[in-house]
Amino acid sequence: NTDSNGAVQVADTIVAAINDGQIIHEGSPISGYLTLSIGCATMIPQADSSPSQLIEKSDLCLLMAKKSGRNGVHATNDSIVINHSSSD
């Protein structure tokens, strides 16, 4: 249970750990090493909100992370969008 900034901090830590591990990924057209893209979404539940809405938002964020160069984090809530790449 956290806000967007907290989710991004956790996701950035996970991406950094994968990058630091230098896990070989032979045959990948993206990189010789394993990379990770993460989509994070947060919301304050309302009477008409559903878990599927949160999952849809997370999935869209994942697609944005991939479109932004992969190997990074894209997060959103109802008022803010945060995009981090492994080079940030």
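Return yes or no: is THR2 part of a loop (DSSP other than H, G, I, E, B), over 14 Å from the mean Cα position of the chain (by Cα) and of a type in the set (Ser, Thr, Tyr)? First the steps, then the outcome.
Working: part of a loop (DSSP other than H, G, I, E, B): yes; over 14 Å from the mean Cα position of the chain (by Cα): yes; of a type in the set (Ser, Thr, Tyr): yes.
It is true that THR2 is part of a loop (DSSP other than H, G, I, E, B), over 14 Å from the mean Cα position of the chain (by Cα) and of a type in the set (Ser, Thr, Tyr).
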Here is a list of conditions, (1) within 17 Å of VAL73 (Cα to Cα); (2) loosely packed, with under 12 Cβ neighbours inside 10 Å, and GLN9 meets all of them except one; can you say which number that is? (2)
Output the number of the condition that THR35 fails; it satisfies all remaining conditions of (1) in a loop (DSSP other than H, G, I, E, B); (2) surrounded by 14 or more Cβ atoms within 10 Å (Cβ to Cβ); (3) modelled with pLDDT under 90. (3)
Consider HIS74 carefully, then state whether it is in contact with a His (Cβ under 8 Å, 6 or more places away or on another chain), at pLDDT below 90, surrounded by 12 or more Cβ atoms within 10 Å (Cβ to Cβ) and not aromatic (Phe, Trp, Tyr). no
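The values are calculated or read from the model by the stated rules, or taken from the named source; none is laboratory data. Because the structure is a prediction, the values reported are computed rather than measured. Every residue, glycine among them, receives a Cβ derived from its backbone with ideal geometry; neighbour counts consider all protein chains shown.
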